[in-house]
Amino acid sequence: MPSFAVSIALLSLVQAAVILLPRTAPWASLDRLRGRGWALVPPASIVLVIALIGVYASSADALSYLALVAVPPLAALALAALINGARLFAAAWALSGTLTGEGAALVLSALACVTLGVLLAAVVAPRWLRLGVYAMAIVDTCLVAADLLQGPNSVLVAAGPPAGLPRLQAVYFGSATMGFGDLFIAATVGALLARQGRPQLEAAILAAILGLGFDLLFFAVDLLPTTVPIAVTLALLDARERRRTARASRPREPGGPIELGEPSGRSPAG
């Protein structure tokens with residue numbers, strides 16, 4: 001089994017790569033569902049899960065069953081006819097407990113997050129969705145700093161359905177784990193950029209650099225809010241976009257003094 005450093009680095013790279021995957025939603029019917037309230041989904045997804053597990057620890061098992069049922073069809077929807085999502089699920093089940101099985105489950109979770117991110121970007125205005133992404137990272141950071149995330153997160157990661165069925169409520173690889181929400185926020189940012197026609201490759205590269213740098217903090221702590229590198233990536237891209245817009249709208253300096261020619265009409269007789 002790979003070391004924790006290798007495992008978490010790979011998960012961070014996968015998280016960054018998820019930004020590349022989303023495209024704009026092809027379903028025009030989603031326009032009828034548009035509303036700024038959907039922007040609360042990213043931060044609420046953390047708060048509700050942690051609160052639910054904190055009150056009812058057994059709800060972690062229910063969430064694992066929900067992920068087991070929902071993730072494969074969401075992944076299949078993301079890929080449409082390109083790859084059979086059922087085969088990925090079968091691989092994740094048959095190879096459960098192996099790196100290959102964990103890799104298959106990781107791909108399923110990433111693709112499911114792409115579907116959710118594209119759907120969310122289709123029903124929320126970009127401005128509000130950006131705020132939702134930032135709010136999710138802030139909530140995640142506050143919960144980690146207040147030591148409110150560690151306990152429920154451990155319960156959720158350890159939960160799982162019987163018969164060796166894949167655990168899809170979180171992301172596992174080697175010696176490291178990530179929350180499902182960590183891939184969801186990356187997919188949401190990717191979907192937001194795709195909707196605005198902004199480049200996703202540079203965002204993925206920046207997120208990978210920030211994520212790997214952020215991972216160095218694991219030498220000092222055991223748990224980090226890994227939504228932060230994705231939110232910081234979006235913030236840096238937005239700041240650059242604002243600078244470009246301000247520069248483009250700035251009035252140009254005159255090229256030089258305006259020379260006045262001789263008057264063309266006749267002057268009156270003196």
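Nothing in this text is a laboratory measurement; each read-out follows from the coordinates by a stated rule. Keep in mind it's a predicted model, so treat the numbers as computed, not measured. A quick note on method: Cβ atoms are made from the backbone with ideal geometry, for glycine too, and the neighbour counts reach across all protein chains shown.
Take the alpha-carbon centre of the stretch 1-60, take the same for the stretch 104-167, and report the distance between them in whole Å.
If you average the Cα positions of each part, the centres end up 3 Å apart.
If neighbour count is taken as other Cβ atoms inside 10 Å, put Y172, Y65, Y134, Y56 in order from fewest to most.
Result, fewest neighbours first: Y56, Y65, Y134, Y172.
Which whole-Hz couplings ³J(HN,Hα) result when phi for each residue of the stretch 222-232 is put into the Karplus expression 6.51 cos²θ - 1.76 cosθ + 1.60, θ = phi - 60°, listed in order with x for Gly and Pro?
Ordered by residue, 3J(HN,Hα) equals 9, 9, 10, x, 6, 6, 4, x, 6, 5, 5 Hz.
Give me the number: length gained by fully extending W128 to R32, i.e. 0.36 nm times residue separation minus the C-alpha to C-alpha distance, one decimal in nm.
32.9 nm
To the nearest 10 degrees, how steep is helix 59-79 against the longest Cα principal axis of the chain, on a 0 to 90 scale?
50
Residues of the stretch 42-63 with the amide nitrogen closer than 15 Å to a label point 7 Å from the Cα of L148, along Cα-to-Cβ, please.
Within reach of a label on L148: 43-56.
When the helix-only estimate is applied to the chain (DSSP H runs of n ≥ 4, each -39,500 (n - 2.57), divided by the residue count), what is the mean residue ellipticity at 222 nm, nearest 500 deg cm²/dmol?
When only DSSP H runs of four or more count, the value is -21000 deg cm²/dmol.
Give a residue-ordered list of calculated ³J(HN,Hα) values for the stretch 233-242 (Karplus: 6.51 cos²θ - 1.76 cosθ + 1.60, θ = phi - 60°; whole Hz; x for Gly, Pro).
Rounded to whole hertz, the list is 4, 4, 4, 5, 5, 5, 4, 5, 5, 5.
List T226, T100 from most exposed to least, where exposure is judged by having the fewest other Cβ atoms within 10 Å. Before the final figure, lay out the partial values.
Numbers: T226 26, T100 13.
Going from sparsest to densest Cβ surroundings: T100, T226.
Against the longest alpha carbon principal axis of the chain, how many degrees, from 0 to 90 and to the nearest 10, is the axis of helix 85-94 turned?
It works out to around 40 degrees.
So for the pair A51, Q196, with labels modelled 7 Å out along Cα→Cβ, what separation do we get in nm?
Rounded to a tenth, the inter-label distance reads 2.9 nm.
Nearest 10 degrees is fine. How inclined is helix 180-196 to the longest principal axis of the chain, computing both from alpha carbons?
Long axis of 180-196 versus the principal axis of the chain: about 30 degrees.
Suppose R0 equals 22 Å. What FRET efficiency, 1/(1 + (r/R0)^6) with r the Cβ-Cβ distance, do L10 and F219 give to the nearest 0.05?
0.80
I need T177, T115, T141 ordered by Cβ neighbour count within 10 Å, fewest first.
T141, T177, T115
Given axes a ≥ b ≥ c from the Cα gyration tensor, I'd like to know whether the chain is rounded (a/c under 1.5), prolate (a/b larger than b/c) or oblate.
Values: a/c = 2.60, a/b = 2.28, b/c = 1.14.
Verdict is prolate for the chain.
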